[in-house]
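Notes follow once the structure below has been shown.
The values are calculated or read from the model by the stated rules, or taken from the named source; none is laboratory data. None of the values given here were measured: they were computed from a predicted structure. In this analysis, Cβ positions are derived from the backbone assuming ideal geometry, glycine residues included, and neighbour counts consider all displayed protein chains. When the accessible area is computed, the model is the full protein with side chains, heavy atoms only, and any ligands, DNA or RNA have been set aside. Shrake-Rupley method; radii C 1.70, N 1.55, O 1.52, S 1.80 Å.
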Amino acid sequence: MRIGILGSGLMGGKLGTIWARAGHEVVFSYSRSEQKLKKLGPHGAPREAAQDADAVLLAVHWSRVDDVLKQAGDVSGKVIVSCSLPMNADDTDLVIAHTSSGAEALAKKVPKARVVSAFGTVPSEVLFGVFEARRRARRPSLVYCGDDASSKKIAAQLIRDVGFDPVDAGPLRIARYTEPFTLLIAQLAYEGDEGPELAYRFERFGRKA
Ligand SMILES: NC(=O)c1ccc[n+]([C@@H]2O[C@H](COP(=O)([O-])OP(=O)(O)OC[C@H]3O[C@@H](n4cnc5c(N)ncnc54)[C@H](OP(=O)(O)O)[C@@H]3O)[C@@H](O)[C@H]2O)c1
């Protein structure tokens, strides 16, 4: 796949690097440091990253979403995988929750794009570890949600490529639950004593189909 990265920081830089290692063609964009983009690999302006992309990863702070989308240009019909959380300026709280979600607010901004919410529920620090452990039988889970079946298929493949077991949580409005869940993950990752390299795994018990 050709993947455009909008926001090449902790999440975008790492996920893009992993997808490139997994064999995808990745174009990084939207860092204030040209040097950083150069080090990551093929890069360009957001418009160039989004152009011809089979999937676009949106990985910017909530306050930068409008700006990066403006720079990306027309994203009609594009699959936008977003890990961006609707956090306030100092990243202490969600500014949208309960009756909507960042993912739904994003979908309203780009009504012709196909938004999937994914990757926002894990800390960036765990991503390379998950990728390195991808051949293990028991993979960590990763929830994702969205309203369009074909774009969810693409997102699920990208989730698998990183080394997670994709868990389809349903339509995009389920981001109302996954986004606050991330604050729990962040609490465990950043406020605990065991470091931020944390992923999660859902286990089902009961009758097998
Ligand atoms: N970090 C995590 O573990 C994590 C986990 C789950 C979800 N998320 C969510 O994922 C999204 C991305 O997070 P992140 O940690 O990857 O952020 P980040 O490291 O700050 O990366 C954001 C990218 O946006 C770029 N950017 C371009 N113009 C900018 C401007 N004027 N001001 C600020 N940034 C600008 C940054 O540029 P520079 O390269 O110049 O800094 C950087 O490349 C956020 O919505 C966050 O809530 C993050």
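For segment 170-186, putting each phi into the Karplus relation 6.51 cos²θ - 1.76 cosθ + 1.60 with θ = phi - 60° gives couplings of x, x, 4, 5, 5, 4, 4, 9, 6, 5, x, 4, 4, 5, 5, 4, 5 Hz, in residue order, rounded to whole numbers and with x for Gly and Pro.
Charge dipole of the chain (Cα centre as origin; +1 on each Lys and Arg Cβ, -1 on each Asp and Glu Cβ, all else neutral): 780 debye, rounded to the nearest 20.
Using a 1.4 angstrom probe on heavy atoms only, work out the carbon and sulfur share of the accessible area of segment 112-209 in %.
50
For the chain, the mean residue ellipticity at 222 nm estimated from helices alone is -10500 deg cm²/dmol, where every DSSP H run of n ≥ 4 contributes -39500 (n - 2.57) and the total is divided by all residues, rounded to the nearest 500. Dividing the convex hull volume of the alpha carbon atoms of segment 146-209 by its residue count gives 127 Å³ per residue. Rounded to the nearest 20 debye, the dipole magnitude of segment 1-101 is 360 debye, with +1 charges on Lys and Arg beta carbons, -1 on Asp and Glu beta carbons, and the Cα centre as origin. The radius of gyration of the Cα set in segment 16-105, together with its Dmax, comes out at 14.0, 41 angstrom. Largest GNM mean-square fluctuation among PRO86, PRO42, PRO180, using the chain with Cα springs under 10 Å: PRO42.
Hull volume per residue, based on the alpha-carbon atoms of segment 103-191 and their convex hull, is 97 Å³. Above 16 Å lies some portion of the pair distances; for segment 64-150, what is it as a whole percent of all C-alpha pairs? Summing the P(r) of segment 64-150 above 16 Å gives 61 percent of all pairs.
Taking amide hydrogens as placed 1.01 Å from N in the peptide plane, the amide H of VAL116 sits under 5 Å from those of ILE80, VAL81, SER82, each at least 5 positions away in sequence or on another chain. Converting phi to 3J(HN,Hα) with the Karplus coefficients 6.51, -1.76 and 1.60 and the offset θ = phi - 60°, segment 35-49 yields 4, 4, 5, 4, 5, 6, x, x, 8, x, 6, x, 4, 5, 5 Hz in sequence order, with x at every glycine or proline. Straight-distance candidates among the lysines for linking to LYS70, with alpha-carbon spacing under 16 Å and chain neighbours fewer than 8 residues away dropped: LYS78, LYS108, LYS109, LYS112. In this structure, the amide hydrogen of GLN51, modeled 1.01 Å from its nitrogen in the peptide plane, lies closer than 5 angstrom to no residue at least 5 positions away or on a different chain.
With a Förster radius of 22 Å applied to the C-beta separation of ALA149 and LYS108, the computed FRET efficiency comes to 0.60. Taking 0.36 nm per residue of separation and subtracting the current Cα-Cα distance, fully stretching the chain between ASP168 and LEU183 would add 3.4 nm. Using the 1.4 Å probe convention, the accessible area of the chain works out to 53 Å² per residue with neighbouring protein chains retained. Every Cα-Cα pair in the chain was counted, and those over 31 Å apart are 12% of them.
Computed from the Cβ-Cβ distance with R0 of 35 Å, the FRET efficiency linking HIS61 to ARG136 stands at 0.60.
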